[in-house]
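*Asks:* Sharing a structure, written as structure tokens. Questions coming.
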Amino acid sequence: MAEVIIMPKLGFNMDEGELVEWKKKEGESVKAGEVLFEINTDKTTMPVEATADATVLKLLISEGDTVDVFTPIAVLGNPGEDPNQALAAFGGEISQPATAEDQPVELPTDLGVAEVKPIDFGSVSATTPTASVDIKDLKLTPKAKKLIAERGLDLNAIAQLKGTGFEGGITAADINSANICAEKTEQMHNEQAPSNVKASPLAAKMADDMGVDMTRVTGTGVGGKVMSEDVQRVAAHISDVPNKKIAKVTPYKGIRKVIGEKLAASMFTAPHIFFTESVDTTNLTAFRKQLNENTDVKIAVSDLLTMAACKALKKYPELNASLIDGEIVQYESINVGTAVAADSGLIVPVVKNVQNKSLTDVAIESKDLVSRAKAGKLDLDDYSDGTFSISNLGPFGIENFTAIINAPESAILAVSAIKKTAVVVADEEGNDSIAIKPIMKIQLSADHRLIDGLLAAQFTVYMKQLLENPMQILM
């Protein structure tokens with residue numbers, strides 16, 4: 001029996017996914033366990049495998065399309081099966097079908113009502129209606145809707161098509177097969193766009209009419225193509241700030257939006273308290289150098305930070321906790337996440353159960369996680385279930401900063417760059433003098449709802465002690 005494949009939900013905060021690449025085409029067979037497609041989630045690019053041997057009967061969205069989770073995106077089955085029957089059955093089993101390539105959607109009301117006139121459909125046989133048609137009543141797939149807007153197609157002709165999509169929806173294939181196009185219009189409008197900018201004809205015309213520089217517009221279409229809504233977005237900003245010259249306008253969506261919403265929720269839900277200490281890294285640097293001279297696995301500062309945090313959380317387990325549904329949940333597992341700046345945005349891969357691992361184990365696992373994070377190849381489990389986070393901006397030269405708690409965790413440690421600093425030191429007789437020391441600032445951000453100030457202060461001081469006496473980290 002044919003099976004409807006949906007956009008999977010691969011994370012708690014994932015509301016939509018972008019189809020990056022189909023690994024199979026319509027008509028091709030796929031085996032169980034073989035990658036069927038790749039998607040961009042809110043965090044990373046992930047492959048999705050077929051669960052059974054089958055043939056690809058129908059692909060409902062194109063590469064580059066973004067749809068809501070649980071949206072039908074493909075139909076698999078045996079050769080000869082009708083994919084539309086499977087889609088109809090799928091739609092009948094849910095109360096609110098998710099938006100899909102072959103699910104009807106409404107055109108914007110500003111397209112108005114088209115008066116239907118006789119037209120030659122070429123290979124399409126249709127009866128010309130005598131009454132006007134309300135465009136809002138047309139069943140159009142998202143791709144068909146985009147095609148109409150991009151090409152400026154005749155709505156009278158569209159209204160007379162018999163759709164082959166889900167529940168009779170008119171698809172882009174229906175429009176193309178009916179030879180409804182606007183090639184001359186497309187050529188004319190494309191001439192209005194700069195040669196190095198890919199844009200839909202309607203977008204090019206709108207940009208020309210509104211005085212929008214197409215080279216300043218970030219396209220959200222397939223392959224970065226500039227769409228009409230992209231031009232409208234930039235035009236709106238120009239009218240709002242007439243005295244400011246805009247260089248670029250980028251949609252606030254995807255991982256950037258997820259990060260922003262999550263951090264905003266954390267900052268304005270959890271009352272943050274902050275504690276800062278200055279760490280003399282003389283011994284830490286020497287200790288790391290000695291370790292790396294005697295092992296094949298290179299130890300990074302971040303690995304020592306992870307191990308130190310683990311030991312501090314063992315001493316102060318109240319920080320290894322979350323506030324969930326009105327209850328303080330304290331964890332036995334110590335799962336330490338380290339923030340990594342990837343091309344797609346900030347991501348926090350997590351080393352699980354650090355309390356049961358050696359420094360070498362942590363170093364090997366961390367290196368693998370960071371490498372895959374930067375390549376966008378993390379699995380969901382790789383960045384889930386953290387109980388404490390570290391944000392280390394030392395490699396970027398930042399002298400001091402404040403980190404926002406990675407909810408639902410109760411605390412995060414911000415680690416800054418090592419800077420040579422003049423400090424007051426006392427000798428054995430208590431005499432003070434000025435010395436130049438390599439100083440690193442650490443700052444703990446804690447959720448004051450479940451972490452008292454004294455406890456947070458004790459944790460921060462203990463972290464300083466461990467980092468200044470790194471042998472204690474491994475004891």
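*Asks:* In the range 14-63, what residues are under 26 Å from the mean Cα position of the chain (by Cα), crowded, with 16+ Cβ neighbours inside 10 Å and of a type in the set (Gly, Ala, Ser)?
*Replies:* Result: Gly17, Ala50.
*Asks:* When you scan the range 31-64, how many residues do you find that are of a type in the set (S, T, N, Q) and part of a strand (DSSP E or B)? I'd like the intermediate steps shown before the answer.
*Replies:* Here is the first cut: in the range 31-64, the ones of a type in the set (S, T, N, Q) are 40-41, 44-45, 51, 55, 62.
Next, only the ones that are part of a strand (DSSP E or B) stay: 40, 45, 55.
Residues that pass the stated criteria total 3.
*Asks:* Kindly evaluate Thr402 against the criterion of being out of contact with any Ser or Thr (no Cβ under 7 Å at 6 or more places or on another chain) and under 26 Å from Val301 (Cβ atoms).
*Replies:* On the way: out of contact with any Ser or Thr (no Cβ under 7 Å at 6 or more places or on another chain): no; under 26 Å from Val301 (Cβ atoms): yes.
Against the criterion (out of contact with any Ser or Thr (no Cβ under 7 Å at 6 or more places or on another chain) and under 26 Å from Val301 (Cβ atoms)), Thr402 does not qualify.
*Asks:* Can you say whether Ala270 is crowded, with 17+ Cβ neighbours inside 10 Å, closer than 20 Å to Phe401 by Cα and in contact with an Asp or Glu (Cβ under 7 Å, 6 or more places away or on another chain), as far as the supplied structure shows? First the steps, then the outcome.
*Replies:* Values: crowded, with 17+ Cβ neighbours inside 10 Å: yes; closer than 20 Å to Phe401 by Cα: yes; in contact with an Asp or Glu (Cβ under 7 Å, 6 or more places away or on another chain): yes.
Taking the combined requirement at face value, the residue satisfies it.
*Asks:* Restricting attention to the range 303-351, and to residues there that are in a loop (DSSP other than H, G, I, E, B) and of a type in the set (S, T, N, Q), which single residue is surrounded by the fewest Cβ atoms within 10 Å (Cβ to Cβ)?
*Replies:* So in the range 303-351, the residues in a loop (DSSP other than H, G, I, E, B) come out as 316, 320, 325-326, 331-335, 339, 343-344, 348-349.
With of a type in the set (S, T, N, Q) added as a condition, the list becomes 320, 333, 335, 344.
Values: Asn320: 25, Ser333: 12, Asn335: 21, Ser344: 19.
Among those residues, the one meeting the criterion is Ser333.
*Asks:* Filter the range 324-346 for residues that are touching a Ser or Thr at 6+ places or on another chain (Cβ under 7 Å), among the hydrophobic types (A, V, I, L, M, F, W, C) and touching a residue at least 12 places away in the same chain (Cβ under 8 Å) and give the result.
*Replies:* Ile334, Val336, Ala339
*Asks:* Next up: Among (1) at pLDDT 95 or above; (2) buried (at least 18 other Cβ atoms within 10 Å of the Cβ); (3) farther than 19 Å from Pro470 by Cβ, where does Val415 come up short?
*Replies:* Failed condition: (3).
*Asks:* Oh, and also: Please determine whether any residue of the range 380-387 is closer than 23 Å to Pro349 by Cα, touching a Phe, Trp or Tyr at 6+ places or on another chain (Cβ under 9 Å) and modelled with pLDDT of 95 or more.
*Replies:* Scanning the range 380-387, I find at least one residue that is closer than 23 Å to Pro349 by Cα, touching a Phe, Trp or Tyr at 6+ places or on another chain (Cβ under 9 Å) and modelled with pLDDT of 95 or more, so the answer is yes.
*Asks:* Gly17 - would you say it is of a type outside the set (Phe, Trp, Tyr) and at positive phi? Give the steps one after another, and end with the answer.
*Replies:* Values: of a type outside the set (Phe, Trp, Tyr): yes; at positive phi: no.
No; evaluated as a whole, the condition is false for this residue.
The values are calculated or read from the model by the stated rules, or taken from the named source; none is laboratory data. This structure is a prediction, so every number in the text was calculated from the model and none was measured. Here the Cβ is made from the backbone with ideal geometry for all residues, glycine too, and neighbour counts use every protein chain on show.
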